[in-house]
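A short reminder: the numbers here are calculations on the coordinates, not readings from a lab. Predicted model, so just to flag it, every value in this text is computed and none were measured. All Cβ positions, glycine included, derive from the backbone under ideal geometry; neighbour counts span all protein chains shown.
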């Protein structure tokens, strides 16, 4: 499974169908070209570089602010966090990793990443998951949040892009057995 995951892109930009898709979002400090370049940096390490070093050391809440001058592991950590963990940001664009609340319940010093001032958020159709508490939230018309909490026994949501039609499937309760224990989901 890990080898398959290492081959997956962090960002998909389909110009023909006019959408950009990531797991969690795109940093409020990036334009599309920067986002694509940053995704490519991490993808190259995961596919060809010392990927085990990155995997063993990538989980950190720092740095929480983008700078084009970031280097090495700090740069890769920020990129991974923006694409895979981001939900809320502070108004100065720092990433917040603690708040997982619905937008209406979030502290006032935080904003959903897609509501911050970034022209990309107005010009592109952005598709993402990762944020199950957005399930009943209204997002801008070009923002497509797909996470509806399947992992929490809610439902899986699919989007047929051609007509923007949503489809859902209730979660199926299963038990997964793995070395060292089990997870009932």
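Calculate the tail of P(r) for segment 2-147: the fraction of all Cα-Cα distances greater than 20 Å, expressed in %. Spell out each step's value before the answer.
Values: 4800 of 10585 pairs.
Result: 45 percent of Cα pairs exceed 20 Å.
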- Note on the structure: Stretched fully, the stretch from residue 165 through residue 62 gains (0.36 nm per residue minus C-alpha distance, one decimal, in nm) 33.3 nm
- Message: Rounded to the nearest 5, what % of DSSP beta bridges with both residues in segment 2-147 are antiparallel?
- Response: 60
- Message: Taking the beta-carbon count within 10 Å as an exposure proxy, list 61, 15 from fewest neighbours to most.
- Response: 15, 61
- the chain - percent relative contact order, Cα under 8 Å, separation 6 or more: 18
- Message: Report the gain in length on full extension from residue 73 to residue 138: 0.36 nm times residue separation, minus Cα-Cα distance, nm rounded to one decimal.
- Response: 19.8 nm
- Query: Given springs between every Cα pair under 10 Å in a Gaussian network model of the chain, which of 49, 129, 149 has the largest fluctuation?
  - Reply: 49
- Hey, in the GNM for the chain with a 10 angstrom Cα cutoff, which one of 78, 144, 166 fluctuates hardest? 166
- Note on the structure: Of 32, 156, 52, the most mobile residue in a GNM of the chain (C-alpha springs, cutoff 10 Å) is 52
- Message: Report the gain in length on full extension from residue 84 to residue 41: 0.36 nm times residue separation, minus Cα-Cα distance, nm rounded to one decimal.
- Response: 14.0 nm
- Query: Taking only DSSP H segments of four or more residues, each worth -39500 (n - 2.57), what value at 222 nm results for the chain once the sum is divided by all its residues, to the nearest 500 deg cm²/dmol?
  - Reply: -7500 deg cm²/dmol
- Message: Take residue 33 and residue 156, extend 7 Å from each Cα along the Cα→Cβ direction, and tell me the distance between the two endpoints in nm.
- Response: 3.9
